[in-house]
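The values are calculated or read from the model by the stated rules, or taken from the named source; none is laboratory data. A quick note: this is a predicted structure, and the numbers were derived from the prediction, not measured. Cβ atoms come from the backbone with ideal geometry, glycine included; neighbour counts cover every protein chain shown.
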Amino acid sequence: MEILKNIKSPLDVKALPPENLDKLCAEIREFLVQEVSKTGGHLASNLGVVELTVALHRVFDTSKDKLVFDVGHQCYTHKLLTGRMDEFHTLRQFGGLSGYPKPSESIHDAFIAGHSSTSISNALGIARAKRLSKEDYDIIALVGDGALTGGLAYEAMCDVGETGEPLIILLNDNGMSINGNVGGMARYLSRRRMKPAYMAFKRRLKRITDRIPGGKLIYNFAHGIKTLLKGAILHCSMFEEMGLQYGGPIDGHDIPRIVDALEWAKRLDQPVVIHVVTQKAKDTDLRSNFRRNITE
């Protein structure tokens, strides 16, 4: 844990060289498996949002920016990156760390969350309060595709699109809630979702271009052309028809791409949906270690 043990606040995450981020993510997953096997808690959902959470803390300052979790059980990496690693052995224990965001526990927790489909409504309320008080900070609602089976999320998106309050809706699409998602929204997102083979091809291409002179410029140029063609040919998304800007889908385990998307959304200063595709319980080896730990 040579990198993770030195992360005492999000400022340390921002200061890390980019080449150390993958190592940090691997250490976070290893730590979560070790600790959750002792305390209990939500493991699979947290293993899936490690890169996503690291990217959020590279772009935003949660001591003032408001990160609103939906349900909240995906906040373990967030807690580790905001100075609570030494208390993690008390997770979900009496008098210990909460298994959910808790404002009384940390300045970095904007809102306590225990029910699904509420994060966009909560973020919208915060956005209106920000406007009335003339304060300056960013607001991000992290919502899963499973939460989009709840009508409250759609009421909130309609309201956001109508009023134009600037906030970022980060849609974490892992194709799962407690069980596999069903219904029209699940089918819609599965059609928009990048196919795993395509995403794997993109990762291989990036690794290759990173190793050749001028490779980054070549990759960025190709990515830009692809994005322009997609925008010109494909019909706009349901979210755009509701009045929200839309970006994605992007690989939710590619930190530089997530950072780029979040910085784009931040500059827009209007309601925007960033659609990221993640793998729940990412890292099969660690899941095997977890099963072994809890049976020993």
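Kindly list, by first and then second residue, each pair from a residue in the range 124-137 that is free of Cβ contacts under 8 Å to residues at least 12 places away in the same chain to a residue that is assigned to a helix (DSSP H, G or I), limited to pairs with Cβ atoms under 9 Å and residues at least 6 apart or on different chains.
Glu135/Ala129; Asp136/Lys130
Is there any pair linking a residue in the range 1-30 that is closer than 23 Å to Arg207 by Cα and without any contact (Cβ under 8 Å) to a residue 24 or more places away in the chain to one that is of a type in the set (A, V, I, L, M, F, W, C) and surrounded by 12 or more Cβ atoms within 10 Å (Cβ to Cβ), with Cβ under 7 Å and at least six apart or on different chains, and which?
Cβ pairs passing all conditions: Leu16/Leu24; Asn20/Ile3; Lys23/Ile3.
Let's see how each residue does on (1) touching a Gly at 6+ places or on another chain (Cβ under 6 Å); (2) at pLDDT below 90; (3) not acidic (Asp, Glu):
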position	(1), (2), (3)
Ile28	no, no, yes
Val33	no, no, yes
Gly41	yes, yes, yes
Ala55	no, no, yes
Ser63	no, no, yes
His73	no, yes, yes
Gln93	no, no, yes
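Considering only residues of the range 80-99 that are of a type outside the set (Gly, Ala, Ser), touching a residue at least 24 places away in the same chain (Cβ under 8 Å) and not in a helix (DSSP H, G or I), which is nearest to Leu171 (Cα to Cα)?
Thr82
Looking only at the range 50-79, count every residue that is part of a helix (DSSP H, G or I), surrounded by fewer than 23 Cβ atoms within 10 Å (Cβ to Cβ) and over 13 Å from the mean Cα position of the chain (by Cα) and tell me the total.
0
Hey, Ile168 hits all of (1) over 21 Å from Ile250 (Cβ atoms); (2) touching a residue at least 12 places away in the same chain (Cβ under 8 Å) but one; which does it fall short on?
Every condition holds for Ile168 apart from (1).
Go through (1) touching a helix residue (DSSP H, G or I) at 6+ places or on another chain (Cβ under 9 Å); (2) at pLDDT 75 or above; (3) not in a helix (DSSP H, G or I) for Pro256 and report which single condition fails.
The number of the failed condition is (3).
Is it true that Leu47 is closer than 23 Å to Asp173 by Cβ and in contact with a strand residue (DSSP E or B) (Cβ under 7 Å, 6 or more places away or on another chain)?
no
Among residues belonging to the range 12-49 that are aliphatic (A, V, I, L, M), more than 18 Å from the chain's Cα centre (by Cα) and in a helix (DSSP H, G or I), point out the one that is surrounded by the fewest Cβ atoms within 10 Å (Cβ to Cβ).
Ala15
Please verify whether Asp138 is under 22 Å from Gly248 (Cα atoms), acidic (Asp, Glu), buried (at least 19 other Cβ atoms within 10 Å of the Cβ) and at pLDDT 90 or above, treating the condition exactly as stated.
For Asp138, the condition - under 22 Å from Gly248 (Cα atoms), acidic (Asp, Glu), buried (at least 19 other Cβ atoms within 10 Å of the Cβ) and at pLDDT 90 or above - is met.
Restricting attention to the range 116-165, and to residues there that are assigned to a loop (DSSP other than H, G, I, E, B) and under 18 Å from the mean Cα position of the chain (by Cα), which single residue is nearest to Ala261 (Cα to Cα)?
Looking at residues that are assigned to a loop (DSSP other than H, G, I, E, B) and under 18 Å from the mean Cα position of the chain (by Cα), I get Asp138.
Regarding Lys8, is this residue within 27 Å of Lys266 (Cβ to Cβ), modelled with pLDDT under 95 and basic (Lys, Arg)?
Yes.
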